[in-house]
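Each remark here refers to the structure printed beneath this line.
No value in this document is a laboratory result; all are computed from the given coordinates. In this text, all values refer to a predicted model and were calculated from it rather than measured experimentally. Methodologically, a virtual Cβ is constructed for each residue, glycine included, from the backbone with ideal geometry; neighbour enumeration extends over all protein chains shown.
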Amino acid sequence: MNEAEYIACEANFSKHLKELRCAREVRKEATRSTRPARQSLSPSERARIKAKTAGLCHICGGPINGSAWNADHVRAHSAGGTHRADNYLPAHPLCNKYRWDYSAEEFQLILKLGVWMRTKIELRKAFVGEAAAAFLAHERTRLDRQRKKGLARRRHS
């Protein structure tokens with residue numbers, strides 16, 4: 001691939017990512033006025049949801065221990081998904097948080113990018129050093145915010 005082809009491919013990839021984001025925003029906006037109100041699940045509904053995957057997170061496959069898990073919408077609430085037990089699967093809070101309401105295509109692309117980047121970081125490819133450093137700085141900031149939020153909650157309790 002020559003430089004011109006690479007630049008065209010990169011521009012198309014960026015354009016595709018933006019189109020996926022735009023489609024997600026349009027989907028959310030289209031259902032905003034007709035979305036049902038969120039409802040709490042009963043303990044028996046939560047137990048049935050957790051049993052669907054034998055107590056494993058439906059996103060990462062890891063075990064869900066105790067009661068610290070989310071009932072994740074299969075069809076996102078923002079896309080008109082219902083609040084019935086048959087539209088939920090169990091997920092770790094972190095997995096659910098990062099899945100957001102991406103379409104299947106967008107989420108798969110994000111996973112592919114993440115796995116690709118992880119491999120490049122492990123191989124210590126020079127071009128990813130800056131990206132890895134930026135990600136770690138982002139993670140430090142995110143964890144600091146969470147820690148401060150937790151301290152503030154404890155003070156107000």
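Some points to look at:
- Classified by the C-alpha gyration tensor, the range 53-125 has an oblate form. Its axis ratio a/c, with a ≥ b ≥ c, is 1.5 or above, and a/b does not exceed b/c.
- Helix 3-31 axis, angle to the chain major axis (alpha carbon atoms, nearest 10°): 20 degrees
- Of the residues 66, 42, 22, the one whose Cα sits farthest towards the positive end of the charge dipole of the range 3-100 is 42 (charges of +1 on Lys and Arg Cβ, -1 on Asp and Glu Cβ, taken about the Cα centre).
- Each Lys and Arg contributes +1 and each Asp and Glu -1, all at the Cβ; summed about the Cα centre of the chain, the dipole is approximately 1020 debye.
- Given 28/149; 52/112; 28/97; 120/148, the pairs whose alpha carbons are separated by over 24 Å: 28/149; 52/112; 120/148
- The packing ranking, built from the mean of other Cβ atoms within 10 Å per residue, places the peptides 54-62, 128-136 in the order 54-62, 128-136, highest first.
- Amide H contacts of residue 69 (H built 1.01 Å from N, in plane; Pro and chain starts excluded): no residue 5 or more places away or on another chain comes under 5 Å.
- Cα gyration tensor, the range 3-100 - rounded (a/c under 1.5), prolate or oblate: oblate
- For residue 64, residues with placed amide H under 5 Å, excluding near neighbours: 56, 57
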